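For reference, the structure is listed below as C-alpha coordinates.
The values are calculated or read from the model by the stated rules, or taken from the named source; none is laboratory data. The shown structure was predicted, so the numbers you read here are calculated from the model rather than taken from an experiment. Positions of Cβ are generated from backbone atoms using ideal geometry, with glycine treated the same way; all protein chains shown enter the neighbour counts.
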Amino acid sequence: MLTDRYGLPLSTTSAAARDAYVEGVDLLLTVYPGAAASFERAIAADPAFALAYIGRARAAQLAGKTEAMRADLAMASSRAEEVSARERSQIEVFRSLFAGQSVAALAALRTHVQTWPRDALVLSLAANQGGLIGMSGLSGREQDLTDFLDGLASHYGEDWWFEAHRGMALSEIGRHDEARPMIERSLAQYRRNAYGAHAFAHLCYETGEQDAGIEFLRDWLPVYDRGGGLFGHLSWHLGLFELHAGNLEGGLRLYNEAFCADDHRGAIHQKLSDSAAFLWRSELAGHPRDPARWAKLKDYAHEKLPRPGMSLADWHVALTYAATGDDAALEGWIGAIEELASAGRYPSGSVIPAVARAFAAYRRGDYAATIDLIEPMLPERERIGGSRAQGDLVEATLLQAYLASGRDAEARRLAAARRSGPARLPVTGGERTVA
(Lines give C-alpha, C1' and ligand atoms only; values in the text may rest on other atoms or scores of the structure.)
Protein backbone atom coordinates (compact mmCIF):
# COMPACT_ATOMS: atom_id res chain seq x y z
CA MET A 1 0.00 0.00 0.00
CA LEU A 2 1.22 3.50 -0.78
CA THR A 3 2.04 5.75 2.16
CA ASP A 4 2.69 9.43 2.82
CA ARG A 5 5.96 10.92 4.06
CA TYR A 6 5.06 9.95 7.63
CA GLY A 7 4.39 6.31 6.77
CA LEU A 8 0.59 6.54 6.88
CA PRO A 9 -1.34 4.45 4.32
CA LEU A 10 -3.20 6.30 1.60
CA SER A 11 -6.35 5.19 -0.20
CA THR A 12 -4.92 5.47 -3.67
CA THR A 13 -3.15 2.97 -5.90
CA SER A 14 -1.62 5.68 -8.09
CA ALA A 15 2.03 6.45 -7.37
CA ALA A 16 1.67 9.70 -9.29
CA ALA A 17 -1.29 10.73 -7.11
CA ARG A 18 0.65 9.83 -3.97
CA ASP A 19 3.74 11.78 -5.03
CA ALA A 20 1.73 14.87 -5.90
CA TYR A 21 -0.21 14.62 -2.63
CA VAL A 22 2.98 14.36 -0.54
CA GLU A 23 4.36 17.39 -2.36
CA GLY A 24 1.17 19.34 -1.68
CA VAL A 25 1.18 18.49 2.02
CA ASP A 26 4.80 19.56 2.35
CA LEU A 27 4.01 22.86 0.64
CA LEU A 28 1.20 23.42 3.14
CA LEU A 29 3.42 22.48 6.06
CA THR A 30 6.22 24.80 4.95
CA VAL A 31 3.84 27.62 3.86
CA TYR A 32 5.16 27.70 0.32
CA PRO A 33 2.88 28.50 -2.64
CA GLY A 34 1.82 25.80 -5.07
CA ALA A 35 -0.02 23.35 -2.80
CA ALA A 36 -3.31 23.67 -4.69
CA ALA A 37 -1.60 22.81 -7.99
CA SER A 38 0.01 19.75 -6.42
CA PHE A 39 -3.33 18.50 -5.14
CA GLU A 40 -4.86 19.13 -8.55
CA ARG A 41 -2.25 16.84 -10.07
CA ALA A 42 -3.06 14.22 -7.45
CA ILE A 43 -6.76 14.45 -8.30
CA ALA A 44 -6.05 14.24 -12.02
CA ALA A 45 -4.08 11.05 -11.41
CA ASP A 46 -6.79 9.59 -9.15
CA PRO A 47 -10.18 11.38 -9.17
CA ALA A 48 -11.34 9.21 -6.25
CA PHE A 49 -8.47 10.24 -3.92
CA ALA A 50 -10.41 11.77 -1.01
CA LEU A 51 -7.47 13.26 0.90
CA ALA A 52 -6.30 15.12 -2.20
CA TYR A 53 -9.62 16.97 -2.12
CA ILE A 54 -9.14 17.73 1.58
CA GLY A 55 -5.66 19.07 0.86
CA ARG A 56 -6.96 21.27 -1.92
CA ALA A 57 -9.80 22.43 0.33
CA ARG A 58 -7.29 23.47 2.99
CA ALA A 59 -5.28 25.38 0.38
CA ALA A 60 -8.48 27.10 -0.76
CA GLN A 61 -9.39 28.02 2.82
CA LEU A 62 -6.00 29.61 3.40
CA ALA A 63 -6.41 31.56 0.16
CA GLY A 64 -9.85 32.79 1.23
CA LYS A 65 -11.65 30.82 -1.50
CA THR A 66 -14.64 29.67 0.52
CA GLU A 67 -16.75 28.22 -2.30
CA ALA A 68 -13.86 26.14 -3.63
CA MET A 69 -13.15 24.93 -0.10
CA ARG A 70 -16.74 23.78 0.36
CA ALA A 71 -16.85 22.08 -3.02
CA ASP A 72 -13.72 20.07 -2.28
CA LEU A 73 -14.95 19.14 1.18
CA ALA A 74 -18.14 17.82 -0.43
CA MET A 75 -16.10 15.75 -2.89
CA ALA A 76 -14.01 14.27 -0.07
CA SER A 77 -17.12 13.57 2.01
CA SER A 78 -18.79 11.77 -0.88
CA ARG A 79 -15.93 9.27 -0.81
CA ALA A 80 -15.74 8.88 2.96
CA GLU A 81 -17.23 5.39 2.98
CA GLU A 82 -14.53 4.15 0.61
CA VAL A 83 -11.49 5.20 2.66
CA SER A 84 -9.73 4.13 5.84
CA ALA A 85 -10.79 5.05 9.36
CA ARG A 86 -7.91 7.55 9.57
CA GLU A 87 -8.94 9.30 6.40
CA ARG A 88 -12.59 9.45 7.52
CA SER A 89 -11.45 10.95 10.80
CA GLN A 90 -9.31 13.50 9.00
CA ILE A 91 -12.27 14.53 6.86
CA GLU A 92 -14.34 15.07 10.01
CA VAL A 93 -11.64 17.23 11.63
CA PHE A 94 -11.56 19.45 8.57
CA ARG A 95 -15.34 19.51 8.33
CA SER A 96 -15.51 21.11 11.79
CA LEU A 97 -12.65 23.48 10.99
CA PHE A 98 -14.20 24.66 7.72
CA ALA A 99 -17.54 25.20 9.50
CA GLY A 100 -15.87 27.59 11.93
CA GLN A 101 -16.46 25.21 14.84
CA SER A 102 -13.05 25.65 16.45
CA VAL A 103 -13.88 23.98 19.76
CA ALA A 104 -15.30 20.90 18.03
CA ALA A 105 -12.39 20.85 15.57
CA LEU A 106 -9.83 20.90 18.38
CA ALA A 107 -11.64 18.15 20.27
CA ALA A 108 -11.75 16.01 17.12
CA LEU A 109 -8.09 16.76 16.43
CA ARG A 110 -6.99 15.70 19.92
CA THR A 111 -8.88 12.42 19.51
CA HIS A 112 -7.46 11.88 16.03
CA VAL A 113 -3.80 12.28 16.99
CA GLN A 114 -4.16 9.88 19.89
CA THR A 115 -4.66 7.14 17.30
CA TRP A 116 -2.68 8.62 14.38
CA PRO A 117 -0.05 10.89 15.99
CA ARG A 118 1.96 11.19 12.77
CA ASP A 119 -0.86 12.72 10.77
CA ALA A 120 1.04 15.95 10.35
CA LEU A 121 -1.56 17.73 8.23
CA VAL A 122 -4.14 17.35 11.00
CA LEU A 123 -1.62 18.19 13.71
CA SER A 124 -0.60 21.34 11.82
CA LEU A 125 -3.98 22.84 12.67
CA ALA A 126 -2.95 23.10 16.32
CA ALA A 127 0.85 23.04 16.25
CA ASN A 128 1.58 26.77 16.28
CA GLN A 129 0.58 29.98 18.02
CA GLY A 130 -1.93 30.73 15.26
CA GLY A 131 -3.63 27.34 15.51
CA LEU A 132 -6.60 25.92 17.36
CA ILE A 133 -4.84 25.90 20.73
CA GLY A 134 -2.95 29.16 20.25
CA MET A 135 -6.13 31.01 19.28
CA SER A 136 -8.39 29.32 21.82
CA GLY A 137 -8.70 32.43 24.00
CA LEU A 138 -8.15 30.30 27.11
CA SER A 139 -5.83 30.85 30.04
CA GLY A 140 -2.82 28.56 30.01
CA ARG A 141 -2.93 27.99 26.27
CA GLU A 142 0.84 28.57 25.86
CA GLN A 143 1.64 25.79 28.32
CA ASP A 144 -1.15 23.65 26.86
CA LEU A 145 0.42 23.87 23.41
CA THR A 146 3.83 22.93 24.77
CA ASP A 147 2.43 19.99 26.72
CA PHE A 148 0.47 18.84 23.69
CA LEU A 149 3.54 18.80 21.46
CA ASP A 150 5.76 17.33 24.18
CA GLY A 151 3.35 14.40 24.35
CA LEU A 152 3.80 13.70 20.64
CA ALA A 153 7.57 14.18 20.46
CA SER A 154 8.41 10.48 20.68
CA HIS A 155 6.45 9.86 17.47
CA TYR A 156 8.41 12.42 15.46
CA GLY A 157 11.99 12.27 16.71
CA GLU A 158 14.04 14.92 14.90
CA ASP A 159 11.55 15.48 12.10
CA TRP A 160 12.25 18.95 10.69
CA TRP A 161 8.61 20.04 10.51
CA PHE A 162 7.70 18.94 14.03
CA GLU A 163 10.83 20.32 15.66
CA ALA A 164 10.24 23.80 14.25
CA HIS A 165 6.85 23.92 15.93
CA ARG A 166 7.87 22.30 19.18
CA GLY A 167 10.91 24.57 19.36
CA MET A 168 8.79 27.68 19.00
CA ALA A 169 6.32 26.48 21.63
CA LEU A 170 9.21 25.93 24.05
CA SER A 171 10.66 29.33 23.22
CA GLU A 172 7.34 31.01 23.99
CA ILE A 173 7.39 29.71 27.58
CA GLY A 174 11.03 30.53 28.17
CA ARG A 175 12.65 27.13 27.57
CA HIS A 176 15.14 28.65 25.12
CA ASP A 177 18.01 26.24 25.71
CA GLU A 178 15.76 23.35 24.68
CA ALA A 179 14.19 25.27 21.81
CA ARG A 180 17.37 26.39 20.06
CA PRO A 181 18.81 23.00 18.96
CA MET A 182 15.39 21.89 17.69
CA ILE A 183 14.91 25.00 15.58
CA GLU A 184 18.48 24.96 14.28
CA ARG A 185 18.22 21.25 13.39
CA SER A 186 14.96 21.91 11.57
CA LEU A 187 16.49 24.63 9.42
CA ALA A 188 19.65 22.61 8.81
CA GLN A 189 17.58 19.66 7.56
CA TYR A 190 15.18 21.70 5.44
CA ARG A 191 15.93 25.39 5.06
CA ARG A 192 12.93 25.96 2.78
CA ASN A 193 10.63 25.86 5.79
CA ALA A 194 8.89 29.14 6.53
CA TYR A 195 7.73 27.90 9.91
CA GLY A 196 11.34 27.06 10.76
CA ALA A 197 12.33 30.61 9.84
CA HIS A 198 9.40 31.90 11.86
CA ALA A 199 10.46 29.88 14.90
CA PHE A 200 14.02 31.20 14.65
CA ALA A 201 12.78 34.81 14.39
CA HIS A 202 10.75 34.34 17.56
CA LEU A 203 13.67 32.72 19.35
CA CYS A 204 15.85 35.71 18.48
CA TYR A 205 13.16 38.06 19.80
CA GLU A 206 12.70 36.13 23.02
CA THR A 207 16.45 35.91 23.71
CA GLY A 208 17.16 39.52 22.77
CA GLU A 209 19.32 38.55 19.78
CA GLN A 210 18.20 41.44 17.63
CA ASP A 211 21.26 41.53 15.39
CA ALA A 212 21.10 37.77 14.78
CA GLY A 213 17.43 38.10 13.86
CA ILE A 214 18.16 40.85 11.36
CA GLU A 215 21.06 38.95 9.82
CA PHE A 216 19.05 35.74 9.50
CA LEU A 217 15.93 37.29 7.98
CA ARG A 218 17.86 39.50 5.57
CA ASP A 219 19.53 36.31 4.32
CA TRP A 220 16.47 34.04 4.37
CA LEU A 221 13.67 36.22 3.01
CA PRO A 222 15.14 36.79 -0.48
CA VAL A 223 14.95 33.05 -1.21
CA TYR A 224 11.32 32.77 -0.01
CA ASP A 225 8.66 33.12 -2.67
CA ARG A 226 6.73 36.36 -2.24
CA GLY A 227 3.55 34.36 -2.71
CA GLY A 228 4.24 32.37 0.45
CA GLY A 229 1.70 32.87 3.22
CA LEU A 230 4.33 33.96 5.77
CA PHE A 231 6.25 36.38 3.54
CA GLY A 232 4.45 39.41 4.96
CA HIS A 233 4.59 38.22 8.56
CA LEU A 234 8.29 37.34 8.43
CA SER A 235 8.89 40.78 6.92
CA TRP A 236 7.05 42.20 9.94
CA HIS A 237 9.45 40.34 12.20
CA LEU A 238 12.35 41.93 10.35
CA GLY A 239 10.63 45.31 10.54
CA LEU A 240 10.17 44.87 14.29
CA PHE A 241 13.86 44.04 14.72
CA GLU A 242 14.72 47.13 12.67
CA LEU A 243 12.46 49.28 14.85
CA HIS A 244 14.11 47.94 18.01
CA ALA A 245 17.48 48.76 16.43
CA GLY A 246 16.37 52.36 15.80
CA ASN A 247 16.05 51.91 12.03
CA LEU A 248 12.51 53.20 11.47
CA GLU A 249 13.10 53.88 7.78
CA GLY A 250 14.08 50.25 7.19
CA GLY A 251 10.96 49.12 9.02
CA LEU A 252 8.71 51.46 7.04
CA ARG A 253 10.20 50.23 3.78
CA LEU A 254 9.18 46.70 4.74
CA TYR A 255 5.76 48.02 5.78
CA ASN A 256 5.20 49.49 2.33
CA GLU A 257 6.79 46.70 0.30
CA ALA A 258 5.79 43.58 2.22
CA PHE A 259 3.47 43.39 5.21
CA CYS A 260 1.05 46.15 4.18
CA ALA A 261 1.60 45.83 0.46
CA ASP A 262 -1.37 45.69 -1.92
CA ASP A 263 -0.24 42.27 -3.15
CA HIS A 264 0.05 40.79 0.37
CA ARG A 265 -0.62 37.06 -0.05
CA GLY A 266 -0.99 36.01 3.56
CA ALA A 267 -4.08 35.80 5.73
CA ILE A 268 -6.27 38.89 5.82
CA HIS A 269 -5.95 39.24 9.59
CA GLN A 270 -2.17 38.98 9.35
CA LYS A 271 -1.87 41.97 7.05
CA LEU A 272 -3.99 44.05 9.40
CA SER A 273 -2.40 42.91 12.66
CA ASP A 274 1.19 43.25 11.46
CA SER A 275 0.58 46.66 9.93
CA ALA A 276 -1.39 48.13 12.82
CA ALA A 277 1.04 46.76 15.40
CA PHE A 278 4.04 48.24 13.59
CA LEU A 279 2.50 51.70 13.28
CA TRP A 280 1.41 51.76 16.94
CA ARG A 281 4.81 50.54 18.17
CA SER A 282 6.60 53.14 16.07
CA GLU A 283 4.48 55.85 17.70
CA LEU A 284 5.21 54.49 21.18
CA ALA A 285 8.88 54.80 20.26
CA GLY A 286 8.35 58.49 19.52
CA HIS A 287 7.88 58.57 15.78
CA PRO A 288 5.10 60.82 14.42
CA ARG A 289 1.72 59.42 13.52
CA ASP A 290 0.88 58.93 9.85
CA PRO A 291 -2.89 59.53 9.56
CA ALA A 292 -3.00 58.46 5.91
CA ARG A 293 -1.57 55.03 6.69
CA TRP A 294 -4.01 54.55 9.56
CA ALA A 295 -6.98 55.65 7.42
CA LYS A 296 -6.09 53.11 4.75
CA LEU A 297 -5.83 50.38 7.39
CA LYS A 298 -9.22 51.33 8.82
CA ASP A 299 -10.84 51.02 5.40
CA TYR A 300 -9.18 47.61 4.98
CA ALA A 301 -10.43 46.44 8.39
CA HIS A 302 -13.95 47.65 7.72
CA GLU A 303 -14.09 45.86 4.36
CA LYS A 304 -12.27 42.61 5.13
CA LEU A 305 -13.15 42.00 8.79
CA PRO A 306 -16.72 43.24 9.25
CA ARG A 307 -17.50 41.06 12.30
CA PRO A 308 -15.47 39.93 15.30
CA GLY A 309 -14.77 36.27 15.91
CA MET A 310 -11.02 35.68 16.19
CA SER A 311 -9.24 37.27 19.13
CA LEU A 312 -5.93 38.21 17.50
CA ALA A 313 -7.64 39.88 14.57
CA ASP A 314 -10.27 41.49 16.78
CA TRP A 315 -7.95 43.45 19.03
CA HIS A 316 -6.01 44.73 16.05
CA VAL A 317 -9.24 45.89 14.42
CA ALA A 318 -9.99 47.67 17.69
CA LEU A 319 -6.49 49.16 17.68
CA THR A 320 -7.09 50.52 14.18
CA TYR A 321 -10.41 52.11 15.12
CA ALA A 322 -8.85 53.59 18.26
CA ALA A 323 -5.85 54.98 16.39
CA THR A 324 -8.09 56.73 13.86
CA GLY A 325 -10.37 58.13 16.55
CA ASP A 326 -13.43 56.39 15.15
CA ASP A 327 -15.21 56.05 18.49
CA ALA A 328 -18.50 54.92 16.94
CA ALA A 329 -16.88 52.07 15.04
CA LEU A 330 -14.87 51.09 18.11
CA GLU A 331 -17.86 50.98 20.43
CA GLY A 332 -19.84 49.02 17.85
CA TRP A 333 -16.97 46.54 17.58
CA ILE A 334 -16.66 46.20 21.35
CA GLY A 335 -20.43 45.78 21.68
CA ALA A 336 -20.42 42.95 19.15
CA ILE A 337 -17.64 41.18 21.07
CA GLU A 338 -19.48 41.61 24.36
CA GLU A 339 -22.63 40.13 22.83
CA LEU A 340 -20.67 37.06 21.72
CA ALA A 341 -19.10 36.79 25.17
CA SER A 342 -22.50 37.03 26.88
CA ALA A 343 -23.74 34.20 24.68
CA GLY A 344 -20.75 32.04 25.66
CA ARG A 345 -19.33 32.24 22.15
CA TYR A 346 -16.17 34.26 22.84
CA PRO A 347 -13.66 32.31 24.92
CA SER A 348 -11.40 35.25 25.77
CA GLY A 349 -14.33 36.97 27.46
CA SER A 350 -13.86 40.57 28.56
CA VAL A 351 -10.09 40.75 27.97
CA ILE A 352 -10.25 42.22 24.47
CA PRO A 353 -12.94 44.84 25.22
CA ALA A 354 -10.71 46.06 28.07
CA VAL A 355 -7.68 46.27 25.80
CA ALA A 356 -9.70 48.00 23.09
CA ARG A 357 -10.89 50.69 25.49
CA ALA A 358 -7.34 51.09 26.78
CA PHE A 359 -6.09 51.85 23.27
CA ALA A 360 -8.78 54.50 22.84
CA ALA A 361 -7.94 56.03 26.22
CA TYR A 362 -4.26 56.15 25.33
CA ARG A 363 -4.99 57.93 22.06
CA ARG A 364 -7.05 60.53 23.97
CA GLY A 365 -4.13 61.08 26.32
CA ASP A 366 -6.08 59.62 29.25
CA TYR A 367 -3.17 57.66 30.65
CA ALA A 368 -4.82 56.98 34.01
CA ALA A 369 -7.68 55.17 32.26
CA THR A 370 -5.21 53.32 30.04
CA ILE A 371 -3.40 52.05 33.13
CA ASP A 372 -6.59 51.15 34.98
CA LEU A 373 -7.82 49.11 32.02
CA ILE A 374 -4.59 47.25 31.21
CA GLU A 375 -3.26 46.46 34.68
CA PRO A 376 -6.04 44.03 35.70
CA MET A 377 -5.90 42.06 32.44
CA LEU A 378 -2.11 41.63 32.24
CA PRO A 379 -2.10 38.31 34.13
CA GLU A 380 -4.38 36.93 31.40
CA ARG A 381 -2.73 38.65 28.47
CA GLU A 382 -2.18 35.37 26.62
CA ARG A 383 -5.96 35.14 26.11
CA ILE A 384 -5.78 37.85 23.44
CA GLY A 385 -4.10 35.32 21.13
CA GLY A 386 -0.93 35.31 19.12
CA SER A 387 2.67 35.18 20.26
CA ARG A 388 4.38 36.92 23.14
CA ALA A 389 6.03 39.22 20.62
CA GLN A 390 2.60 40.31 19.43
CA GLY A 391 1.19 40.63 22.94
CA ASP A 392 4.10 42.87 23.96
CA LEU A 393 2.32 45.73 22.22
CA VAL A 394 -0.17 45.83 25.13
CA GLU A 395 2.62 45.92 27.72
CA ALA A 396 4.48 48.59 25.73
CA THR A 397 1.31 50.72 25.76
CA LEU A 398 1.05 50.35 29.53
CA LEU A 399 4.74 51.21 29.95
CA GLN A 400 4.40 54.34 27.85
CA ALA A 401 1.27 55.35 29.78
CA TYR A 402 3.21 55.10 33.04
CA LEU A 403 6.05 57.21 31.66
CA ALA A 404 3.76 59.78 30.01
CA SER A 405 1.94 60.32 33.31
CA GLY A 406 5.13 60.58 35.37
CA ARG A 407 4.64 57.27 37.16
CA ASP A 408 8.26 56.27 36.72
CA ALA A 409 8.43 53.95 39.72
CA GLU A 410 5.62 51.82 38.28
CA ALA A 411 7.31 51.88 34.87
CA ARG A 412 10.53 50.60 36.44
CA ARG A 413 8.66 47.83 38.25
CA LEU A 414 6.97 46.75 35.00
CA ALA A 415 10.27 46.77 33.10
CA ALA A 416 12.04 44.83 35.87
CA ALA A 417 9.33 42.16 35.87
CA ARG A 418 9.60 41.53 32.13
CA ARG A 419 11.31 38.44 30.75
CA SER A 420 14.97 39.11 30.17
CA GLY A 421 15.24 38.77 26.36
CA PRO A 422 12.89 41.49 25.11
CA ALA A 423 13.09 43.47 28.36
CA ARG A 424 13.80 46.81 26.68
CA LEU A 425 10.69 47.88 24.80
CA PRO A 426 11.34 50.84 22.47
CA VAL A 427 9.14 53.54 24.04
CA THR A 428 9.64 57.25 24.54
CA GLY A 429 11.49 57.83 27.78
CA GLY A 430 12.34 54.15 28.11
CA GLU A 431 15.76 55.03 29.50
CA ARG A 432 13.98 56.14 32.72
CA THR A 433 13.05 52.51 33.41
CA VAL A 434 16.71 51.64 33.99
CA ALA A 435 17.48 51.99 37.69
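Checked against the criteria, Tyr300 does not count as farther than 17 Å from Asp392 by Cβ, in contact with a helix residue (DSSP H, G or I) (Cβ under 8 Å, 6 or more places away or on another chain), surrounded by 23 or more Cβ atoms within 10 Å (Cβ to Cβ) and among the hydroxyl-bearing types (Ser, Thr, Tyr). Per the conditions (1) buried (at least 18 other Cβ atoms within 10 Å of the Cβ); (2) not assigned by TED's automatic domain parsing to the domain that holds Pro117, the sole criterion not satisfied by Gly7 is (1).
For the range 192-240, filtering for residues that are in a helix (DSSP H, G or I) and among the polar types (S, T, N, Q) leaves 2. Name the residues in the range 315-329 that are crowded, with 23+ Cβ neighbours inside 10 Å and either assigned to a loop (DSSP other than H, G, I, E, B) or without any contact (Cβ under 8 Å) to a residue 40 or more places away in the chain (or both), would you? Result: Tyr321, single match.
Looking at the range 128-139, which of its residues are closer than 14 Å to Leu106 by Cβ and over 14 Å from the mean Cα position of the chain (by Cα)? The answer is Leu138, and nothing else. Please go through the range 17-52 and pick out each residue that is of a type in the set (Phe, Trp, Tyr) and buried (at least 24 other Cβ atoms within 10 Å of the Cβ). Across the range 17-52, the qualifying residues are Tyr21, Phe39, Phe49. For the structure I just gave you, tell me whether Phe241 is within 14 Å of the chain's Cα centre (by Cα) and either at pLDDT 95 or above or of a type in the set (Gly, Ala, Ser) (or both). No; evaluated as a whole, the condition is false for this residue. Quick check on Tyr321: is it closer than 21 Å to Gly131 by Cα and not acidic (Asp, Glu)? Taking the combined requirement at face value, the residue does not satisfy it.
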